[in-house]
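I have placed the structure first, in the form of structure tokens, so that the comments after it can refer back to it.
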Amino acid sequence: MTQRDDARVGVLLLAAGSSTRMGKNKMLMEIHGETVLRRAAKTAVAASLDPVIVVTGHERKQAEFQLDGLDCLTVFNVDHEIGIQSSVQVGVDALPDDVDAVLIMLADMPFVTTRMLCDLVALYRTTDAPLIISRYGGEVQAPPMLYDRKLFGELRVMRRRCGREVVQRHRNEAKALVWPIEALADIDTPNDLVRVRSTIDLPIDSLGEANMAGSTNET
């Protein structure tokens, strides 16, 4: 048994942005009858991590309504307009004191799966690395990322972006899982949403990869 077998790992689901490139709140837009936000929250909840905290901001009440019946908590980022780093800071501050690590994910990445989240946590439990990162196609680093508690202080003082400063600072200590590049797709524009709606239900091998199981890669 490793010292992390019983570690408590939480999730921060970031969903506070103003969706300026979309023109309206993308969190409330639907993919096959379910909103982008609810789909992402269900993905997080299904990983059986504790707690799942959704950081809301723009159109807070409508966003929180999408989470009805799901086993997650919400926290409001009053400063969401100044950047995503403020949502990370609010979310980290909301974590209970006994949480050992947190997995940070974005609500607008619909190809991120529960399996991916579970694989990141499983790797964390088998290593003493303070950071577990996702790499798409072997090259692009993007959420979800898992941060040990020892990095929480750095997450609280980031100046911009979603953990990039912390990842760059600790990349030599990190472990990584590699996912298909197709899983990197996010929703920023109306065209993105059309593309996602047309491909979200296709098997992963149709998108260029046999499965979504991550391969381990040293950074």
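The values are calculated or read from the model by the stated rules, or taken from the named source; none is laboratory data. Just so you know, these numbers come straight off a predicted model, no measurement behind them. Cβ coordinates were reconstructed from backbone atoms using ideal geometry, including for glycine residues, and neighbour counts include every protein chain displayed.
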Determine which single condition Val157 fails, assuming it passes every other condition in (1) closer than 24 Å to Phe111 by Cα; (2) out of contact with any Ser or Thr (no Cβ under 9 Å at 6 or more places or on another chain); (3) β-branched (Val, Ile, Thr).
(1)
Would you mention how many residues in the stretch 144-165 are buried (at least 20 other Cβ atoms within 10 Å of the Cβ) and either at pLDDT 90 or above or out of contact with any strand residue (DSSP E or B) (no Cβ under 7 Å at 6 or more places or on another chain) (or both)?
7
Can you confirm whether the stretch 1-18 contains a residue that is farther than 30 Å from Ser198 by Cα, small (Gly, Ala, Ser) and touching a residue at least 12 places away in the same chain (Cβ under 8 Å)?
yes
State yes or no: is Val196 farther than 23 Å from Ser48 by Cβ, modelled with pLDDT of 90 or more and either β-branched (Val, Ile, Thr) or surrounded by 13 or more Cβ atoms within 10 Å (Cβ to Cβ) (or both)?
no
Of the criteria (1) at pLDDT 90 or above; (2) farther than 27 Å from Ile133 by Cβ, which one Pro51 fails
(2)
Report yes if Gln168 is part of a helix (DSSP H, G or I), surrounded by fewer than 21 Cβ atoms within 10 Å (Cβ to Cβ) and on the phi < 0 side of the Ramachandran plot, otherwise no.
yes
Does Asp119 count as acidic (Asp, Glu) and crowded, with 16+ Cβ neighbours inside 10 Å?
yes
Could you tell me whether any residue of the stretch 94-108 is farther than 19 Å from Pro144 by Cβ, at pLDDT below 95 and not β-branched (Val, Ile, Thr)?
no
